[in-house]
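Have a look at the structure below before the remarks.
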Amino acid sequence: MDYIVKDSAIHSDPRHFAAYDAKETSIKMGMVREIYTANSSEIKYVVEVQHRGNTIPVACSLMTRWGGVRNFEEYGLRPYKGNPATDMLGATDQTYDTRVGDLVLVACLNGQYREGVILGGVRHPGRKSTIPAADIAYISEFNGIETKITTSGSYRITNKGAISAPLDAAIPGVPILPEINNPVVGGSYYELSDDGSWSVTDGMQQSIKIDKTGQTTTITAGKCSVTLKVLEGSATVDSPTVVINSTIQTDIKTMMLNMEATLSAKLKAKQIAIGNETFELIQGLIDLIDGLGTLVVTSPAGPCNPLNTAPTWAVSIELLKAKMLAIKGSL
């Protein structure tokens with residue numbers, strides 16, 4: 001008996017034999033059905049294509065823009081995960097618009113279905129086009145990360161969150177359900193505006209914005225807001241509470257610094273220095289105490305003893321001086 005043993009994928013349906021052997025030089029559209037690893041390293045895709053009424057599984061490689069050792073590009077396609085009991089290859093009641101899998105264009109090498117190359121993707125019929133509906137020049141989404149460029153020139157990357165609905169297990173023949181993303185992590189984005197400004201936000205209460213036109217940088221956390229102005233060389237803090245925790249030195253340097261508190265202000269540190277290169281305030285107060293201690297007051301009866309000889313000087317004034325020395329810092 002003249003019989004040639006062929007690839008095991010062909011034996012899934014005897015009807016595939018004739019189509020498999022036929023020469024086919026046209027480019028076919030198909031749906032990714034399976035991902036597997038070949039030769040212990042190369043990622044391959046099984047793509048379902050149609051030929052003369054037959055469904056053929058083709059083992060495909062993914063074409064990329066660069067194919068070098070150091071110049072390379074890799075990404076993963078999403079396969080359709082159907083129910084093997086009711087959704088076998090070759091079923092005639094299945095249409096691509098009810099399957100949640102990536103649609104691709106396949107070119108067969110040497111006209112044989114034994115191996116093909118995925119040239120690129122095609123818009124899935126189950127997804128409506130977004131560009132005609134809004135001011136969008138480019139939009140893409142990959143694993144919940146959306147990239148958008150508007151016709152005015154703004155650029156935004158948004159984390160929509162992982163898809164929580166089991167879309168891969170959609171029922172064949174039933175319309176595909178809308179995408180449901182995780183609202184806990186979704187909404188964060190960073191954006192380059194059409195005026196050159198830059199911003200990043202969690203989509204809720206925290207953000208950083210660099211306004212190129214207004215020349216300001218604003219940091220916001222809930223009701224806390226800090227604005228830095230380039231032209232005026234000033235900083236504005238609008239906040240009920242600002243907490244800076246750092247185990248290293250924190251330096252703030254500016255030409256002018258104005259601070260206003262409508263209720264109260266507090267400065268707490270183990271050591272404090274206030275002044276400039278020639279005068280430090282706390283050291284000046286200590287020198288003032290020492291100077292007053294040696295002061296001799298002249299009364300109508302004649303010169304008095306220095307003030308530091310008074311019985312209460314040591315227990316009150318010297319104690320105050322010791323406390324100042326304990327917190328005095330250096331500039």
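Kindly provide the set of residues from region 196-229 that are in contact with a Gly (Cβ under 9 Å, 6 or more places away or on another chain), in a loop (DSSP other than H, G, I, E, B) and either within 25 Å of Asp135 (Cα to Cα) or of a type in the set (Asp, Glu) (or both), ordered by number. Selection gives Ser197, Asp202, Gly203, Met204, Lys212, Thr213.
What do you reckon, is Gln271 closer than 30 Å to Lys321 by Cβ and within 36 Å of the chain's Cα centre (by Cα)? Judged against the criteria, Gln271 is not a match. Screening Tyr45 with (1) in contact with a Leu (Cβ under 7 Å, 6 or more places away or on another chain); (2) more than 26 Å from Pro175 (Cβ to Cβ); (3) at pLDDT 80 or above; (4) of a type in the set (Ser, Thr, Tyr) gives one miss only, at (2). The single residue among Ala269, Ala265, Ala273 that is over 22 Å from Ser316 (Cα atoms) and touching a residue at least 60 places away in the same chain (Cβ under 8 Å) turns out to be Ala269. Scanning region 39-59 for residues that are touching a Cys at 6+ places or on another chain (Cβ under 9 Å) and either in a loop (DSSP other than H, G, I, E, B) or among the hydrophobic types (A, V, I, L, M, F, W, C) (or both) turns up Val46, Val47, Val49, Val58.
Annotation note: Cβ proximity below 7 Å between a residue of region 279-290 that is touching a residue at least 12 places away in the same chain (Cβ under 8 Å) and within 16 Å of Asn308 (Cβ to Cβ) and a residue that is of a type outside the set (Lys, Arg) and part of a helix (DSSP H, G or I) (sequence gap 6+ or interchain) occurs for Leu285/Met324; Ile286/Met324; Ile286/Leu325; Ile289/Ile317. For region 60-79, the criterion of being assigned to a strand (DSSP E or B), at pLDDT below 80 and in the same structural domain as Tyr113 (by TED's automatic domain parsing) is met by no residue.
The values are calculated or read from the model by the stated rules, or taken from the named source; none is laboratory data. Since we're looking at a predicted model, the values are computed, not measured. Counting neighbours? That spans all protein chains shown, and the Cβs are built from the backbone with ideal geometry, glycine included.
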